[in-house]
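Novice: Before I ask anything, here is the structure I am working with.
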Amino acid sequence: MVLLLLLLGLLGLLLFLLHGRKRRQGEPPLIKGWVPFLGNTLQFGKNAHKFLEDQKRKNGDVFTVLIAGKYMTFIMDPLLYPSIIKHGRQLDFHELTERLAPLVFGYPSMKTFPGLSEQISRAYRFLQGDSLTSLTESMMGNLMLVFCQDHLDPGQGWRSGNLYEFCSSVMFEATFLTIYGRPQTGSRHQHMDQLLKDFLQFDAMFPYLSAEVPIWLLGRTKTVRQKLISHFLPQRLSCWSDKCQFIQARLELFNLYDKLRDVDKAAHHFTILWASVGNTLPATFWATFDLVAHPEALKVVRQEILDVLRASGVEFSPDRELTLSREQLDKLVFLESSIKESLRLSSASMNLRVAQEDFSLRLDAERSVAVRKGDIITLYPQSMHLDPEIYEDPQTFHFDRFVEDGREKTDFRKHGQKLKYYLMPFGSGSSKCPGRYFAVNEIKQFVCLLLLYLDLQLEDGQNRPSSDHSRAGLGIQQPSSPVLFRYRPRAE
Ligand code: HEM
């Protein structure tokens, strides 16, 4: 039996080497690896950034890699990003998400519902523009509610906690209330701890689901997903008040589709839960950690918040409820820079586009490469975020890296040329995150609350944890180990 398996394996390898894809004229260097189908999946999964930097050294700025059965062409020079991002017709983003999202979140393929996908995209406008003002206001109130009730006990001494759990519990519940609204009775939903636990259990399997591992191979994941989805059944959602306009618009939209079952609608609403907190929780953790770990930066940011409040006639007092409007948040340039710096260090998302036909992809005035239909053209901005030519001392947190002369700094260069895209935690072009402004605002609000109401310290010996590489390519990386901290209400 063992011999037979070995022979079959060898035969597979031989077929892969003899008949597998070969590099054609005009195509980028091809890195297939030795394992049929999987190709370089394991090396990529272990440390994607290192793997890609090694390939770049050997093969130049553009190369094709076989990963999990897919041929992915990586464009490593950020000066070439604009030509990929503006390539609309021949490079498509939606095909990928429309195939993957139903597998991950458990709703039926959108192909059977004409116009649904376009209408869903159209509703993203309710995360921006005028709607952002009410979202931001509502988030402020909900953050105050959760934070004060759970963590602000005047007169209490130092309390210890796990920083990731602290950030997650407050942000998860406040975001949930802001997006889906509050229950019929009371101001907070019951069993939020359990909902967060279930969410984190599902989220831990997200990398496998995105890699198209069948859900029945992933233990209890399907049961947990069903449980999560059941929270969003239309009859439950309709009882909650103060839903944001975005969810209201989606409820009305789904009602237009008779063939969408209640459980399908609920699965769509669950997708938004993942989108709204899946990256925001780790991003909030890093933004908080980096400031607490750098007291000199924390001091500048805290003073900036007090100054912005003072400029609008508000003297902060811990006895009064803090409100920060969208306009006030926009003025916090050092806080914004600090959050961007934490995003730069923690983000590892991929920007993917599928080639719709065989064609010659123009990279710049001199260069183009041949790509095949179905190949995935990939930007991996983490390589840019950690490039020492663009960001001096790239592994170190510099809270004011994105400020120049008291304003936002936008001039970052490669080979002496100004980069159009230099920070991309939120994706690019047609797949850019529609929740990005809300995300930055809510992280700012959270940090403001913490800095104004609490004294914060890391417990002894707590260094910046390394990132958990299992989420490489999927967004903000999570810390690979816990960070312990202590906090107490801030003395005036
Ligand atoms: C720091 C926090 C966040 C980060 C880093 C982030 C990042 C991203 C990225 C990289 C994408 C594109 C994915 C791709 O190219 O496949 C995306 C898509 C998306 N994000 Fe965010 N996001 C954040 C927060 C939010 C929030 C708070 C919301 C909503 C309230 C949100 C809603 C969405 C939605 C709906 C999409 C899908 C867009 C589409 O299919 O066209 N995100 N996000």
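Novice: Counting every Cα pair in region 123-178, what percent are over 12 Å apart?
Specialist: Value for region 123-178: 70 percent of Cα pairs lie more than 12 Å apart.
Novice: Calculate the dipole size of the chain relative to its Cα centre from +1 charges on Lys and Arg beta carbons and -1 charges on Asp and Glu beta carbons; express the result in debye to the nearest 20. Show your work: numbers first, answer last.
Specialist: Numbers: 59 positive and 55 negative charges, 371 e Å.
With Lys and Arg at +1 and Asp and Glu at -1, about 1780 debye.
Novice: Local charge sum around R486 (other residues, Cβ-Cβ under 12 Å, Lys/Arg +1, Asp/Glu -1)?
Specialist: Here the count lands on -1.
Novice: Give me the number: length gained by fully extending A211 to M192, i.e. 0.36 nm times residue separation minus the C-alpha to C-alpha distance, one decimal in nm.
Specialist: Full extension of this stretch gives 3.9 nm more.
Novice: At a 1.4 Å probe radius, which order do I215, I339 fall into by accessible area, largest first?
Specialist: The most accessible residue leads, giving I215, I339.
Novice: Sticking with this one: Could you put S312, S169, S338 in order of accessible surface area, largest first, with the 1.4 Å probe and the full protein assembly present?
Specialist: So the residues, ranked largest to smallest area, are S312, S169, S338.
Novice: Related question: Leaving out ligands, DNA and RNA but keeping every protein chain, what accessible area does E296 have, in Å² rounded to the nearest 10, with a 1.4 Å probe?
Specialist: The accessible area comes out at roughly 110 Å².
Novice: Let me ask something else. Only sites in a loop by DSSP and with at most 11 other Cβ atoms within 10 Å count here; which trypsin sites (Lys or Arg not before Pro) in region 312-377 make the cut?
Specialist: R320, K373
Novice: For the chain, what does the relative contact order come out to in percent, with C-alpha contacts under 8 Å and a separation of six or more?
Specialist: About 23 percent, as a whole number.
Novice: All other residues with a Cβ under 15 Å from the Cβ of S368 taken together, and with Lys, Arg as +1 and Asp, Glu as -1, what is their net charge?
Specialist: -3
Novice: With a sphere of radius 15 Å drawn around the Cβ of N47, what net charge do the other residues whose Cβ falls strictly inside it have (Lys, Arg +1; Asp, Glu -1)?
Specialist: That works out to +2.
Novice: Trypsin sites (Lys or Arg not before Pro), restricted to region 56-89: which are DSSP loop and have at most 12 other Cβ atoms within 10 Å?
Specialist: Sparse-neighbourhood loop trypsin sites (Lys or Arg not before Pro): K86, R89.
Novice: Here is a follow-up. Sum -39500 (n - 2.57) across every DSSP H segment of at least 4 residues in the chain, then divide by the residue count to get the 222 nm mean residue ellipticity, nearest 500.
Specialist: Working: 20 runs with 233 residues, N = 492.
-14500 deg cm²/dmol, from helical runs alone.
Novice: Report the percentage of all Cα-Cα pairs in the chain whose separation exceeds 28 Å, rounded to a whole percent.
Specialist: Above the 28 Å cut-off, the chain has 57 percent of its Cα pairs.
Novice: Expressed as an acute angle from 0 to 90° and rounded to the nearest 10, what is the orientation of the C-alpha long axis of helix 262-277 relative to the principal long axis of the chain?
Specialist: Between the helix axis and the principal axis of the chain, the angle is about 80 degrees.
Novice: Sticking with this structure for a sec: Using only Cα atoms, find the angle between the long axis of helix 333-346 and the longest principal axis of the chain, and express it within 0 to 90 degrees, rounded to the nearest 10.
Specialist: 40
Novice: In the chain, carbon and sulfur make up what percent of the accessible area (probe 1.4 Å)?
Specialist: Exposed carbon and sulfur together represent 54 percent of the surface.
Novice: Using a 1.4 Å probe, how large is the accessible area of L217, given in Å² and rounded to the nearest 10?
Specialist: Using a 1.4 Å probe on the heavy atoms, I get roughly 100 Å².
Novice: To the nearest 10 degrees, how steeply does helix 163-180 sit against the main Cα axis of the chain, on a 0 to 90 scale?
Specialist: Roughly 90 degrees, rounded to the nearest 10.
Novice: Based on the mean of other Cβ atoms within 10 Å per residue, sort peptides 241-252, 198-209 so the most packed one is first.
Specialist: Answer by packing, highest mean first, reads 198-209, 241-252.
Novice: Further question on the same structure: Quick query: amide H of D358 versus all other amide H atoms, modeled in the peptide plane; which residues come in under 5 Å with a sequence gap of 5 or more or a different chain?
Specialist: Those lying under 5 Å, H to H, from D358 are K373.
Novice: Inverting the mean 1/r over all pairs of different Cα atoms, compute the Kirkwood radius of region 81-126 and quote it in Å.
Specialist: Evaluated on region 81-126, it is 12.3 Å.
Novice: Excluding residues on the same chain fewer than 8 positions from K265, give the lysines whose Cα lies under 29 Å from its Cα.
Specialist: List returned: K111, K197, K222, K227, K243, K432.
Novice: Give the accessible surface of the chain per residue, rounded to a whole number of Å², with probe radius 1.4 Å and ligands, DNA and RNA excluded.
Specialist: 47
The values are calculated or read from the model by the stated rules, or taken from the named source; none is laboratory data. Computed from a prediction, not measured in an experiment: that's the story for all the values here. Counting neighbours? That spans all protein chains shown, and the Cβs are built from the backbone with ideal geometry, glycine included. What goes into the accessible areas is simple: the full protein's heavy atoms, side chains included, and nothing from ligands, DNA or RNA. Shrake-Rupley method; radii C 1.70, N 1.55, O 1.52, S 1.80 Å.
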